[in-house]
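Okay, structure first, notes after.
Every number here is computed from the coordinates shown, using simple stated rules; none is lab data. Computed from a predicted structure; not experimentally measured. Cβ placement follows ideal geometry from the backbone for every residue including glycine, while neighbour counts extend to all protein chains displayed.
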Amino acid sequence: MPELKRLDAGHAPEVLAFELANRAYFAASVPDRGDDYFDRFTDRFSALLAEQEAGICAFYVLVADDGPVLGRFNLYDPEDGTAHLGYRVAQHVTGRGVATATVRELCRMAAELHGLRTLRAATALENAASRRVLTKAGFKPVGPAGPADLGGKQGTWYQRDLE
C-alpha cells in the first residue's frame, strides 16, 4: 500500500527520478519545469526542505511499497488558515484513484497536523483529470484561475473547507 510521507533529504534521488520519468506526461497538462529545474535540482530540493523546516510549506511524497515515488503533494502559501494544494502523480498510476485518495488523506492531515481550515487548488480547463480528482475529494469550484495562476493557462480555482 503506498504511503504518504513528509518530504525529507533521503527522498531526493527518487523525486528526481519521478520528475524525469514523468516530465513529458506532466508537460501535457502543466507548464514544463524546464531544463534549469533539472540542472539545479539539488539546490532546488534543498530550498524546498529549508522552506518546510521554516514552516513556510509542507511537502509530501507518495511512496510505493518498493520505494519509488508515485506522486508529490504540496501545501504552500499558508495564510490565515488557508493554503494552496498542488499535486502530481506518475502517469502509470493515473486513473486508479491514487490521486483522489491521497488528496483526501492530505486534507485530513492539513487540518490535523497543520491547523489549516481551507485548501485551494487551481487547475487548467483542459486538465479534466485534475478537475475530477478535486471534485471527488470534496473541492468545489469557486472562480476563474488566470494565466498568472496556471503558467499561462486559463482554469478554475477549487476550494475545500476542512472543518
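Once you order the gyration tensor axes a ≥ b ≥ c over the Cα atoms, which shape class does the range 1-148 get: rounded for a/c under 1.5, otherwise prolate or oblate by comparing a/b with b/c?
Values: a/c = 1.29, a/b = 1.13, b/c = 1.14.
Judged from the Cα gyration tensor, the range 1-148 comes out rounded (a/c under 1.5).
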- Item | Size of charge dipole - the chain - debye, nearest 20, with Cβ of Lys, Arg +1 and Asp, Glu -1, no other charges | 720
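Could you list the GluC sites (Glu not before Pro) in the range 87-140 that lie in coil according to DSSP, counting only those with at most 14 other Cβ atoms within 10 Å of their Cβ? Can you show the working numbers first?
Working: sites: Glu105, Glu112, Glu126; in loops: Glu126.
Those that pass, being in a loop and sparsely packed, are Glu126.
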- Message: Name the residue from Thr94, Val69, Ser46 whose Cα lies farthest towards the positive end of the charge dipole of the chain, charges +1 on Cβ of Lys and Arg and -1 on Cβ of Asp and Glu.
- Response: Thr94
- Message: For the ranges 11-18, 27-34, what's the packing order if you count other beta-carbon atoms within 10 Å of each residue, average per peptide, and put the highest first?
- Response: 11-18, 27-34
- Ellipticity estimate at 222 nm from DSSP helix runs (n ≥ 4, -39,500 (n - 2.57)) divided over the chain, nearest 500: -10500 deg cm²/dmol
- Item | Label point 7 Å beyond Cα of Asp36 along Cβ direction - residues of the range 126-160 with amide nitrogen under 19 Å | 148-153
